[in-house]
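Heads up, the thing below is written out as structure tokens.
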Amino acid sequence: MNKPVRNLFYVSVIMFASLILMLGYRQVIQASDLAENPQNTRKVFAQMRIERGLILGSDKAEFASNRKEGDLYYRDYPTGDLAPQVVGYNNITYGQVGLEHSQNKYLTGTADEVELVNLLDTVMGKEKKGADLKLTLDPKVQRTALGELQKLGKRGAVVVLDARTGAVVAMVSSPTYDPNQLEENWKVLNSDPGSPLLNRATQGLYTPGSTFKMITAAAALESGDYTSQSRFRDDKGRTDIFDGFTVNNYQKESFGEHTLEEAFSKSINTTFAQIGDKLGQGKLVEYMQKFGMYEKPPFELPSDEMSISGRYENGELLPTGDPMGRTQVVSMAFGQEQLLVTPLQMALVAQSIANDGRMMKPYVIDSIADYNGTIIKQASPDVWRTPIRPETARTEKEMMVKVVNEGTGRGAKTSKVQIAAKTGTAEVDGRGPNAWFVGFAPAESPRYVIAVVVEDSDAGGGISSPVARETLLAALGL
Amino acid sequence: MERNRELANFLPVILLMVIGFASVYATRSAQISAASLSYGLLFVGLFLAVHLLLRLAAPHADPVMLPLAALLSAVGIMMIYRIDPVLAAAQTRWLMIGLGLFSLIVVFLRNYRRLDDYIYILGIIGVLLLILTIIFAKEINGARLWLHAGGFSIQPGEFSKVLITVFLAGYLNSNRELLSTSTWHIFGLPMPPLKYLGPLVTMWGMSFALLLLMNDLGTSMLFFGIFLAMTYVATGRLTYPIIGGLLFCGGAVLAYKLRATVKLRVDTWIDPWPDAMDSGYQIVQSLFAIGDGGLFGTGLGKGYLLLQNGSTIVPELETDFIFSAIAEELGLAGATALIILFMLFCYRGFKIAIDSDDGFSKLLAAGISAGFVLQTFVILGGVMKLIPLTGITLPFVSYGGSSIVANFGALALLLLISNRTNAEKTR
């Protein structure tokens, strides 16, 4: 009977050995995969032992601060639902998004520039601390924009840029949420059809509608075939572009004889259809690319929280060379036809018109300071691209002034400042149209650029104009 | 002499215990009070008392197993203490009860071979305990393992395991001649007469019933495995484990098809990631914990085991999943050391079986040892996703009264067997 017992022991040794081998595989070979798994919150936890840097508004108001419990730091968001889609959250259960995610290295003091200081301090026995972010976001402007959207009770987004630097002064997405209450609301937030977690300003894809005419007009003016005074005729409110394809104006309105400038300010589709037909796909796509479409904006948010503007089919971005039929090109010229853009993209288009044809790199981080107050990174305004010539920009600027003074943007008119803009009403299948307002002020020497989109606006395109006006006035301090 | 060696073996155990408790206390002093350290002292006192008792009642018993069991319990209490000091207090109470039962057995069952006369009663009690569990148990995590009475909850399976091992030792010892004869062959394997295959089929049926009624692959595998190991020892024939293994596989496939819980367990084992927040949560979090340990671990008290509200990230961390906590905080080095402790423990158990000179003792020692091996393998393999996960305790280490008490009872039997063998040798 001893031999079987011995054999049992040998089998036991094999079983124990297989346990040790498996353990070694899990703890050594597979360890880094397990650590990197997004469901694994250990990294976030480890970082919670570090006092994270603050996230401050342009007025030094705190967007994110810390609270210590035991030996862990927890994040507080004193501004609540004001800008969670930009600031993001740092949560032990739900991970990180927004600037909390993309700037994590600075906030935890593990970026190279901060590391050295921290290393010295650690040697001196001081606790490791993260670096503070000072944002270009102005809480006052942010609050005005959010309030205006909430007053409408509509989903939508607002982007306000500094016209000369590209600094993001406000970036609002509505509905919004309170990042202090993720645990309580997580399920609701994820099932809410309004997708409050989504940053509509950078992720939301909308049909640009007539705001796209800013790009078509730029291409037309620079082609040499058109000036702002080029003349067109429209007698029936609809035009046969070619055999079997007719374009209608909004509500079939007829405009008679008019200039390109008037076509722009009154948003005459038939005229832009003819222009588009003449320019062709190549020219239009060329200008879309010049204005930064088909590319992720060079912005500080995590890459997966920004969408690319361009032509889409079934949720997929089509390549620039994707062959288009003549009707498609014509429809694209006035902003329909599979085009999808983000509010940030349209703000950048207006910004380059406001800034003599120079599109600035958008940025939201003004400076990063280590906890001694030493600035380790300072934003310097930087030209991203030059889509149009200065004279084209000036011509378009005048056309945009007319939009507010005599055209579709009259709802934004105010005696306090001259606003320039392009509006748009983009049809959406199955729901009310999206109302756009893209513009800047003061027109003569632009300081702030704005893009507003309001979803499902059964009241028509004019609904976005007051939002833009009030927000611009708040930014200008008027 | 054995007892002096035992005392010497206790010294490193006490030393490790002091270092362990001190380091947990040092890293978590904000959360736990110094008074709870007294459990450490109580622990040392208890084992020294049992050691003194052995000097009187079983002076020739194996000198290694009690210190090993003490070390395993110490690692367990230390981890439980680190997870929740209140539970460590409860575990210390369970340990007192376990050592109490141990002492009773050592004192009153010195002539343990008398058990051979009562095996049917013991076997029936063992089966009744299981039946009671099946009838009255509440379902926890899909498996019916727990009996609740008053404020208590016990896992009768842990006791049943020991009782049925005793029964099998007696039964197989009396019938092993018959089971060893072979009258026919299947595929070249010698087969005993059909009527002697009866117990095998009965045991298979019982294990399979367990599987279907308790929804628990692990417990049925444990019982059937003990049975196969013991028939193999009794007969010396591989026929039994081979046929038994095939029967078990057949039963497992059937259970997979019939029982949603078993299917879920197996599917989660194959790929837990799609349901990592739901049915795969426990095993996935266990893997994260184990992976985080790396070679040397995060250090005691420094692992990521608890949420801010004090609940554990891995559900049932203090019981079935205690090894994940150990692997995280002590790393591959510490966790491997723990596995080697179990291997040593089982080695001593099998050695007691080999050294003993009568069939009943041999079968009992081998059966108890095989039970420890299987139980350890089932839960450790489960938490590291080597085999499908099943809820079962890690002997001596996991939090849990039934487990601690039953396992110290089994240990007492092993020590009595070795005491008798060694006493005869010295005589």
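Strands (runs of 3 or more DSSP E) wholly in region A:401-478 with at least 1 residues that are surrounded by fewer than 24 Cβ atoms within 10 Å (Cβ to Cβ), without any contact (Cβ under 8 Å) to a residue 60 or more places away in the chain and at negative phi - which ones?
A:431-441
Quick one: which of B:ALA410, B:ALA337, B:ALA333, B:ALA423 is in a helix (DSSP H, G or I), among the small types (Gly, Ala, Ser) and crowded, with 24+ Cβ neighbours inside 10 Å?
B:ALA410
Would you pick out the residues in region A:101-120 that are in a helix (DSSP H, G or I) and at pLDDT 85 or above?
Listed by number, the residues that qualify are A:HIS101, A:SER102, A:ASN104, A:LYS105, A:TYR106, A:LEU107.
Would you tally the residues in region B:349-379 being surrounded by 24 or more Cβ atoms within 10 Å (Cβ to Cβ), over 29 Å from B:ILE322 (Cα atoms) and aliphatic (A, V, I, L, M)?
Count: 2.
If we scan region A:171-178, do we find a residue that is farther than 21 Å from A:ARG431 by Cβ and either touching a Phe, Trp or Tyr at 6+ places or on another chain (Cβ under 9 Å) or not aliphatic (A, V, I, L, M) (or both)?
yes
Looking at region A:162-191 only, could you name the residues that are among the hydroxyl-bearing types (Ser, Thr, Tyr) and in a helix (DSSP H, G or I)?
If the condition is that a residue be among the hydroxyl-bearing types (Ser, Thr, Tyr) and in a helix (DSSP H, G or I), then A:SER191 is the only one that fits.
Out of all the residues in region A:219-244, which are within 13 Å of A:LEU260 (Cα to Cα), surrounded by fewer than 17 Cβ atoms within 10 Å (Cβ to Cβ) and touching a strand residue (DSSP E or B) at 6+ places or on another chain (Cβ under 7 Å)? Break it down into steps so the answer makes sense when it comes.
So in region A:219-244, the residues within 13 Å of A:LEU260 (Cα to Cα) come out as A:219-221, A:225-234.
Then keep just the ones that are surrounded by fewer than 17 Cβ atoms within 10 Å (Cβ to Cβ); that gives A:225, A:227, A:229-231, A:233.
The answer is A:GLN229, A:SER230, A:ARG231, A:ARG233.
Of the residues A:ILE376, A:ILE368, which is within 23 Å of the chain's Cα centre (by Cα), part of a strand (DSSP E or B) and under 30 Å from A:LYS105 (Cα atoms)?
Within the list A:ILE376, A:ILE368, the selection yields A:ILE368.
Go over the candidates A:GLN251, A:GLN345, A:GLN338, A:GLN328 one by one and state the one that is among the polar types (S, T, N, Q), surrounded by fewer than 24 Cβ atoms within 10 Å (Cβ to Cβ) and closer than 26 Å to A:ALA420 by Cβ.
Going through A:GLN251, A:GLN345, A:GLN338, A:GLN328 in turn, just one is among the polar types (S, T, N, Q), surrounded by fewer than 24 Cβ atoms within 10 Å (Cβ to Cβ) and closer than 26 Å to A:ALA420 by Cβ: A:GLN251.
Name the single residue, out of those in region B:164-218 being touching an Asp or Glu at 6+ places or on another chain (Cβ under 9 Å) and under 28 Å from B:GLY381 (Cα atoms), that is modelled with the lowest pLDDT.
Selected residue: B:ASN215.
Which condition number in (1) surrounded by fewer than 22 Cβ atoms within 10 Å (Cβ to Cβ); (2) at positive phi is the one that A:GLY209 fails?
Of (1) surrounded by fewer than 22 Cβ atoms within 10 Å (Cβ to Cβ); (2) at positive phi, only one is false for A:GLY209: (1).
Restricting attention to region B:297-325, report how many residues are among the aromatic types (Phe, Trp, Tyr) and more than 10 Å from chain A (Cβ to nearest Cβ).
1
Quick one: in region B:326-372, which of the residues that are of a type in the set (S, T, N, Q) and at the interface with another protein chain (Cβ under 10 Å from one of its Cβ atoms) is farthest from B:PRO388 (Cα to Cα)?
B:SER356
State yes or no: is A:PHE16 facing another protein chain (nearest Cβ under 10 Å) and within 30 Å of B:ASP357 (Cα to Cα)?
yes
Spot the failing condition for A:VAL159; the list is (1) free of Cβ contacts under 8 Å to residues at least 40 places away in the same chain; (2) part of a strand (DSSP E or B), and only one is missed.
The failed condition is (1).
Evaluate the following for B:ALA58: is it over 19 Å from B:ARG348 (Cβ atoms) and either surrounded by fewer than 20 Cβ atoms within 10 Å (Cβ to Cβ) or at pLDDT 90 or above (or both)?
Answer is no for this residue.
Only one of B:VAL266, B:VAL284, B:VAL262 is of a type in the set (Val, Ile, Thr), free of Cβ contacts under 8 Å to residues at least 40 places away in the same chain and assigned to a helix (DSSP H, G or I); which? Break it down stepwise before answering.
On the way: B:VAL266 fails: free of Cβ contacts under 8 Å to residues at least 40 places away in the same chain; B:VAL262 fails: free of Cβ contacts under 8 Å to residues at least 40 places away in the same chain.
Just a single option satisfies the conditions, and that option is B:VAL284.
Of a type outside the set (Val, Ile, Thr), out of contact with any strand residue (DSSP E or B) (no Cβ under 7 Å at 6 or more places or on another chain), more than 10 Å from every other protein chain (Cβ to nearest Cβ) and more than 27 Å from B:TYR171 (Cβ to Cβ), is that true of B:LEU414?
Judged against the criteria, B:LEU414 is not a match.
Considering only region A:19-100, give the helices (runs of 4 or more DSSP H) lying wholly within it that have at least 1 residues that are more than 11 Å from every other protein chain (Cβ to nearest Cβ), of a type outside the set (A, V, I, L, M) and under 23 Å from A:ALA131 (Cα atoms).
A:42-47, A:84-87
(1) in a loop (DSSP other than H, G, I, E, B); (2) farther than 15 Å from A:ARG42 by Cα; (3) in contact (Cβ under 8 Å) with a residue 24 or more places away in the chain: which one isn't true of B:TYR304, the others all being true?
Unmet condition: (2).
Need at least 3 residues that are of a type in the set (Gly, Ala, Ser) and under 27 Å from the mean Cα position of the chain (by Cα) per element, so show me which helices (runs of 4 or more DSSP H) inside region A:206-324 make the cut, counting only ones lying wholly within it.
By residue number, A:213-223.
The values are calculated or read from the model by the stated rules, or taken from the named source; none is laboratory data. None of the values given here were measured: they were computed from a predicted structure. So basically every Cβ, Gly included, is an ideal-geometry build from the backbone, and we count neighbours across all protein chains shown.
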